[in-house]
Amino acid sequence: SIFSFGHHRLSAEEVMQWSQSLEKLLASQSGQGAFREFLKSEFSEENIEFWLACEDYKKTKSDHLQDKAEKIYEEFVQIDAAKQINIDYHTRKATAKKAQDPTFTSFDEAQKTVYVLMERDSYPRFLKSEAYLNLLNKLQVNSVK
């Protein structure tokens, strides 16, 4: 099953917290995993992959920024990217420009756009999904014992 996340024991309480906000969900390693699996089923996992890549990018040492910025741009931002994210023309253009002379904030605007998209669109569907509800149910049943 998609919910055997390494050695981390999930509690019903933690899984219920995921429903408070997308931020709470993404702050949890297991939450990320569950949401990613769900997005895969909706063919939109590029959104969370891009978001995670941006989080990682912000922690990059400055001498590696150029390399990482290029990778992120080629993988997610450019028009025919393999995992092209759904951002508007203006944001794509602005991000392309910033990626050429990268700073830690080069992808912030695009990341925010993708976050809002997930928050409005996929996240509410995730909370109603069978996968999420089954997981919650299973954990609640187990905690009663």
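The values are calculated or read from the model by the stated rules, or taken from the named source; none is laboratory data. Since the model is a prediction, treat every value here as computed from it, not as a measurement. Cβ atoms come from the backbone with ideal geometry, glycine included; neighbour counts cover every protein chain shown. Heavy atoms of the whole protein, side chains included, go into the accessibility calculation; ligands, DNA and RNA do not. Shrake-Rupley method; radii C 1.70, N 1.55, O 1.52, S 1.80 Å.
Over all distinct Cα-Cα pairs of the stretch 1-86, the Kirkwood formula returns a hydrodynamic radius of 14.4 Å.
Heavy atoms of the protein chains alone define the surface here; on that basis the stretch 31-135 has 56 Å² accessible area per residue at 1.4 Å probe size. Toward the positive end of the charge dipole of the chain, with +1 on the Cβ of Lys and Arg and -1 on the Cβ of Asp and Glu, the farthest Cα among HIS64, SER129, GLN78 is that of SER129. Under the convention that each Lys and Arg Cβ holds +1 and each Asp and Glu Cβ holds -1, the size of the dipole of the chain around its Cα centre is about 380 debye. Here the accessible area of the chain is 51 percent carbon and sulfur, with a 1.4 angstrom probe and all protein chains present.
Volume per residue of the convex hull around the Cα atoms, evaluated for the stretch 29-145, comes out as 103 Å³. Once the Cα-Cα distance is subtracted from the 0.36 nm per residue extended length, the ASP121 to GLN100 segment shows a gain of 4.5 nm.
Across the stretch 79-137, Cα-Cα pairs farther apart than 13 Å form 68% of the total.
For SER44, no residue has an amide H sitting under 5 Å from its own, ignoring neighbours fewer than 5 places away on the same chain, with H placed 1.01 Å from N.
For ASN137 and MET16, the difference between the fully extended length at 0.36 nm per residue and the C-alpha to C-alpha distance is 42.5 nm.
Based on DSSP H segments of at least four residues, each scored -39500 (n - 2.57), the chain has a per-residue ellipticity at 222 nm of -18000 deg cm²/dmol.
Return a whole-number percent for the relative contact order of the chain, with Cα pairs under 8 Å and 6 or more residues apart as the contact set. Relative contact order for the chain comes out at 25 percent. If R0 equals 25 Å, the separation of the Cβ atoms of ASP80 and GLN29 corresponds to a calculated FRET efficiency of about 0.20.
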